[in-house]
Amino acid sequence: MQQRLVRFIQASGVKALGFALFLSLALTGCATKTEPKIGPVFYPPPPNAPRVQFLKSIKNSKDVEEQKKNFSLFVVGSDTSTDQIKEIRKPYGIAYAKGKIYLCDMQTPDIVIMDLAGKKFETLKGNIGQGKLKKPLNVAIDAAGNIYVVDTARKEVLKYDAAGNFVGSYGKEFVNKPADLAVDATSLYILDLGDSDIKVVDLQSGQLLGRIGKTEGGVQGLSIPTNLASDGKGFLYTTNIGTGSIVKLDKDGHILGGFGKMGKGFGEFVRPKGIATGTENRIFVVDGGHQNVQIFNEEYRLLMFFGDQPNPAGMLNLPASIAVTTENLEYFQQFAAPGFKIDEVILVTNQMGPDKVSIFGLGQMLDGAGSASGSEGEKKDK
Amino acid sequence: MKASFILMALGLLLFLPTASRAEGCLTAGCHDSIRNLARGHQPAADGECLSCHVQTAAEHPVKGSKSFGLVEKGAALCTQCHEAMGKKKVVHYPVGDGDCLACHRPHGTANPYLLEVGEDQSELCFGCHDSEPFKQPFMHGPAAVGACTRCHSPHESEHKSLLRGPVRDACLQCHQDFARQLKTAPVIHPPVQSDPCIDCHDPHASASPFILKNKMPELCFDCHADIGKRLAGAKVRHKPVEQEGSCGRCHSTHFSQARGLLPTDEKSLCLGCHGVDNLGQPPLKNISKQLAGKKHLHGPLEQGECVSCHDPHGSDFFRLLTGPYPEGLYFPYREGAYDFCLQCHDRNLLRFEETSLYTGFRDGKQNLHFVHVSDSRKGRTCRLCHESHASDGEKLISKGGLPFGDWKVPIRFEQTATGGSCAPGCHRPLSYDRQNPVKDRQR
C-alpha cells in the first residue's frame, strides 16, 4: 500500500507538490509582523501641557537602515536579511553631530555611527590595530568632525578623524580612570573618575595643561564624577556619584556652583550619570537610579522630568548617557504628533531592555492643536 | 363781523371775573407782597389764587383767624399741576416727604424755580447739609460757586447722591476736553479707564491740590503700596517725590503718551531736570552735557532708559542706584560690593585672578580687571577708567580724563586686535595681549 502511494506521488503529483512547496516558501516572506499601535507619549502627563514627546527608539540596525523587502518569488530558503541585522549590545556614551549619532557599544566593543536621515548604520572604521577599542565609554565630536573616544580599559582618549581613521591618543601618562570627555577648539577635557578632576589637555601637543575641579578650601569640587558636558560657551557641567550633585565650572577651572543632592525627591539624584546642555542654558541630567531625565533651567530650578512614567513606550531602562541637539529638526518632526512642534531633540542610551537609544522631542503643542490624536510619525515608523 | 363781535364779548365775560378776583386778593394792601414778586408762581401771577386756596369761612378777612385753606395737603397740592415725583431710585429727602415748600416758595421769589437763592444755591443747601467739608482751600468749581444742581438733581435721580448721571458721566459732561484726549491716549492710568473719578478726587473740596482726597504721594500709595513701602525705608529719596506735586511732577496722573504714565519719553523727562547746570546744592552734574555728541552711550541710555540704573523713587544706595556700588574712588572688590554693575555685567568679571572667559582685558589669562579692582589696599572702582553715561572711547573708557581734584587724569587707552595698552596718569605705560602675554615676554 505504501509503495503504491509512493509510486502515485512519484508518478503524478511530484511536480504539483514541488510547486506548492515553492509557493509556500516564497509567500512566507509576505507575512508581516504587526505591532500594536500606540498613541503619542507625552511628558508631563495630562492635564499638563505636553513639553516632551517620545519619538522613536533604536534597537538595532533594522531601525535605521532601509528595510529590505522579504518577499521574493525567486529566493527560497531562510530570511537572509535577518542575518544582516547588526545589534547594539551594551550602549553607554552618545553624541550627535552633523546629522549622525555616535554611540559607544562597550560590549562589541565599537562605536556605532548612525545616520538616521541617510538610513546608514556603520561602525568605526579605525577600530583596528592601534585604534582598536577595548571598552569605549563616552564619545565627543569636535567642530571638524574628529571623533574622540574615552576608553576606560585602555585608560586613554583615542582620536579618529571624521572618516573614522585612527589618528592618535591622549592622556595615557597622566589619566587615572577616564570616564568622559569634552572638546573645544584648543583643548580636550578628560573627566577622571579616579582622581575626581578634569585633565585639561592641549589638542595640538597632547600636553597636560592643568587639572581642574578639585575640592579646594570650602568649595566642593568633583566627587567620583561620571559624566561631563560642555555648553560650548566655556562652561562645563559634571555629574558626581560621590555627592549626588551637579558641579558647574568654567574651563579655567573656577567652580561656579552646583545643585542637587542624594535623594529621591524632585531635583535630587540617586545615580546621576549622563549630562547635556541645551538651548536657553537648560541642563539635562540622566539618573540611573530614578531611571529618568531631569531638566533644569540655568538657575538650577527643576523644570520637569521624563522617562520613568509607566507608559506604553519611551520608558528608560537603566539610562546612561544623553545628547541634546537642535540639528535636523525637520527630520525628527515627522515622528511628532500633529501640532507638536519640536525645538530640541534628546537622545538617551539605555543599558538594559530592547530600546538601546530612546529619542525624545522637546517642544510645545501649537495653539489650537490637540494632543489626543495618534502620532503619525510613530505609525509611519512602524 | 357779527361772529367776531360775539367771540370778543364772550372773552371779556370770561376775563372780567378773574381779574376782579385777583385784584381782590392782591390789592387793598392785603397780599401786596405777592404782587411785587419778580418771579411769581404762575397761578399767583395770574391771580389764580383759588387754584391752590379755598375759602373755609364766610367772612374774609377775619382778624385773628384764617378764612382760607389749601385745596390739597403736601405734594398733592403741587401735583395738581406738576408731575408727581419720587419714583426714581434716589429721592431728595424733602421730595420724599412731599415737603416741596422746604425749598420752594409757593407764591414766587426774586429767583428762578421759586427758590430763595439764585445761582449760588449754597445757602439753601447748607440749610440742611453740613457746610463744614466745603470749607477747604481747594474746591471743585461748581461747589465753590454753590452750583450744586450742576451735578445733583434737586428732586430725584437714578444715581447715587442724586447725581444727574453715573459719576464718570457726570464729570465728563463738563470735562469734555479731558474726555476727548482720554479717548486717544495710548497710556491710561487704570482707574481713569473706567473707575469713578471720585476714587481719587473729592467732588466738593479738599485740603489737597486738584481736590485730591489725600495729598500725593500718600494718595498714590493707597494703590501703589509696594512703592510706598520701599520709599518708607529708602535711605535716599528722589527729591521730587517729597516736593510739592510729588508723583505728579514726573507722572501724568490720568493719561499720557509714554509708558509709565510719563508725560514724555523717560530720558527726556529725566534730562528735563538733570540737563541743567544748577540742579541741587551742590549742583548735580549736567547729564545732557555728558551725553552731547558722544560716540558711545551706556547700554541702557542707548535704549533711552535711566531707571535700569537709577531708581526713580528711592533707593538705599547713593545716586539712587539700583544696587550697591562704592561711593568712593577706591574700594577693594569683595562679594556684593559691586553688585550694581554686576546686575548686567558678568558676575565673574571681578572674581578670578585668571580667566579666559569673562573679560578681554587680560594679559594671557591674567585678569586685569581683577588686578585693578581687587587690590586690597586701593581697589580701583569702575569709574576710575569708565564713564558711567557716555564716552567717545570704546567700552565707555574715559577719553577726556577722570576729574581728580584739579587734574583730569588721562587714560590714553589704545586697542589692538588681541589686546591694548594705556598710559594713564596712574602708572607707567603698560600693554597687554590675550594671545601672547606681555608678562611672559618680559620674563
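The values are calculated or read from the model by the stated rules, or taken from the named source; none is laboratory data. If you're wondering where the values come from, they're calculated on a predicted model, not measured in any experiment. Here the Cβ is made from the backbone with ideal geometry for all residues, glycine too, and neighbour counts use every protein chain on show. SASA here: full protein model, heavy atoms, side chains in, ligands and nucleic acids out. Shrake-Rupley method; radii C 1.70, N 1.55, O 1.52, S 1.80 Å.
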- Task: Would you grab the residues whose amide H sits under 5 Å from the one on B:ARG362? Only those 5+ places off in sequence or on another chain, please, with H modelled 1.01 Å from N.
- Result: B:LEU368
- Message: Given a 1.4 angstrom probe, what's the average accessible area per residue across the protein assembly as shown, in square angstrom?
- Response: 57
- Query: In square nanometres, what is the average projected area of the Cα convex hull of the stretch B:40-101?
  - Reply: 5.4
- Would you work out the relative contact order for the stretch B:278-386, in percent, from Cα pairs under 8 angstrom that are 6 or more residues apart? 19
- Item | the stretch B:101-169 - percent of accessible surface contributed by carbon and sulfur, probe 1.4 Å | 57
- Message: Cut-off under 17 Å on the C-alpha distance; same-chain residues fewer than 8 positions from B:LYS213 excluded. Which aspartates and glutamates are left, in chain and number order?
- Response: B:GLU132, B:ASP195, B:ASP199, B:ASP202, B:ASP222, B:GLU244
- Message: Going by Cα centres, the stretch B:40-81 and the stretch B:331-393 are how many Å apart?
- Response: 99
- Query: Roughly how many debye, to the nearest 20, is the charge dipole of the stretch A:245-379 about its Cα centre, given +1 on each Lys and Arg Cβ, -1 on each Asp and Glu Cβ, and no other charges?
  - Reply: 500
- Options B:GLY29, B:PHE352, B:CYS200, ranked by Cα towards positive dipole end of chain B, top entry (Cβ charges): B:PHE352
- How much accessible area does A:PHE166 have with a 1.4 Å probe, in Å² rounded to the nearest 10? 60
- Task: Mind scanning A:LYS248/B:LYS378; A:LYS90/A:LYS155; A:LYS199/B:LYS365; A:LYS119/A:LYS341; B:LYS229/B:LYS285 and naming the pairs with a C-alpha gap bigger than 21 Å?
- Result: A:LYS248/B:LYS378; A:LYS119/A:LYS341; B:LYS229/B:LYS285
- Message: Let me cross-check B:THR264: its accessible surface, 1.4 Å probe, with only protein heavy atoms counted, in Å² to the nearest 10?
- Response: 50
- Residues listed by number, the stretch A:169-186, amide nitrogen under 18 Å from B:GLU354 label point at 7 Å toward C-beta: A:186
- Over the whole of A:248-255, what's the average partner chain Cβ count within 10 Å per residue? Rounded to a whole number, please. 4
- Task: Quick one: compute the contact order of the stretch B:382-443, relative version, from alpha carbon pairs under 8 angstrom and 6+ residues apart, as a percent.
- Result: 17
- Task: Could you quote the convex hull projected area for the stretch B:82-163, Cα atoms only and averaged over all directions, in nm²?
- Result: 5.8
- Query: Roughly how compact is chain B, stated as its Cα Rg over 2.2 N^0.38 Å to two decimals?
  - Reply: 1.81
- Message: Tell me the volume per residue, in Å³, of the convex hull enclosing the alpha carbons of the stretch B:146-221.
- Response: 107
- Hey, could you pull the Cα Rg and Dmax for the protein assembly as shown, both in Å? 46.6, 166
- List the residues of the stretch A:224-240 whose backbone N lies under 19 Å from a point placed 7 Å from the Cα of A:LEU256 along the Cα-to-Cβ direction. A:227-240
- Message: If the only charges are +1 at each Lys and Arg Cβ and -1 at each Asp and Glu Cβ, what is the size of the charge dipole of the stretch B:90-153 around the Cα centre, to the nearest 20 debye?
- Response: 160
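What percent do you get for the relative contact order of chain B when only Cα pairs under 8 Å and 6+ apart count? Write out the running numbers ahead of the final one.
Working: 630 pairs, mean separation 33.9, N = 443.
Computed over chain B, the figure is 8 percent.
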- Value of Rg/Rh across the stretch A:218-291 [Cα atoms, Kirkwood radius]: 0.94
- Message: Using a 1.4 Å probe on the protein heavy atoms only, what accessible surface does A:ILE38 show? Give it in Å² to the nearest 10.
- Response: 40
- Item | Dimensions in Å of the stretch B:187-254 - Rg and Dmax from alpha carbons | 12.5, 37
- Query: What is the spin-label model distance, in nm, from B:GLN281 to A:ASN165 if the labels are put 7 Å beyond Cα along the C-beta direction?
  - Reply: 8.5
- When the chain is fully extended, how far beyond the present Cα-Cα distance does B:ALA38 get from B:VAL54, taking 0.36 nm per residue of separation? 3.3 nm
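For the interface of chains A and B, what total accessible area is buried with a 1.4 Å probe, rounded to the nearest 100 Å²?
When A and B are taken together, about 600 Å² of accessible area is lost.
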- Query: By per-residue mean of other Cβ atoms within 10 Å, what is the highest-first order of B:249-258, B:159-168?
  - Reply: B:249-258, B:159-168
